[in-house]
Amino acid sequence: MIVDSQTTLSDAQALTGTSAVISTNVYDGSSDRNLGTGNPMAVVITFDVALAGTSPTWLVALQTATDAAFTSPVTVLTSQTFSGAANLPAGKKLAYLLPAIDEQLQYFRLSYTMGGTSPTSTVTASIVPANRVQNAEVYYPKNYTIS
């Protein structure tokens, strides 16, 4: 799948702890727009490193705001809560269609929330056209490091 660095919200981002972790990147849509209109868009999250910890749980929310500081974020999409490390192994891909609603504002980010004891995982997430997401794709853990 081809991804654009401007729409990559997390690039091999390490997630640790039980406090909400915000994606390292923010997508600037350049104005208030509805990304779900026309060619539907999706958020694709790939687990580079499996979810680990004691009784770990994992949840993600897509947030939007009028400013890059997310002074008043609005959650437009929330995943189910995944429980147990076996449900999110390395290479697992999750895809969520962006809803076609008016609450989408100029800026977008992801908020990851994990639970359990010492939860960890590493993810890569991007906004991509939904027609580029294929169910048959298999993602393998990265076997390289970019420095």
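Just so you know, all these numbers are worked out from the coordinates, no wet-lab data involved. All figures in this text were calculated on a predicted structure; none of them were measured in a lab. Methodologically, a virtual Cβ is constructed for each residue, glycine included, from the backbone with ideal geometry; neighbour enumeration extends over all protein chains shown.
Distance between the pseudo-spin-label points of ASN87 and THR54 (7 Å out from Cα toward the beta carbon): 2.0 nm. Spread over its residues, the convex hull of the C-alpha atoms of the range 17-122 is 94 Å³ per residue. For SER72 and ASN39, the FRET efficiency from 1/(1 + (r/R0)^6), where r spans their Cβ atoms and R0 equals 41 Å, is about 0.90.
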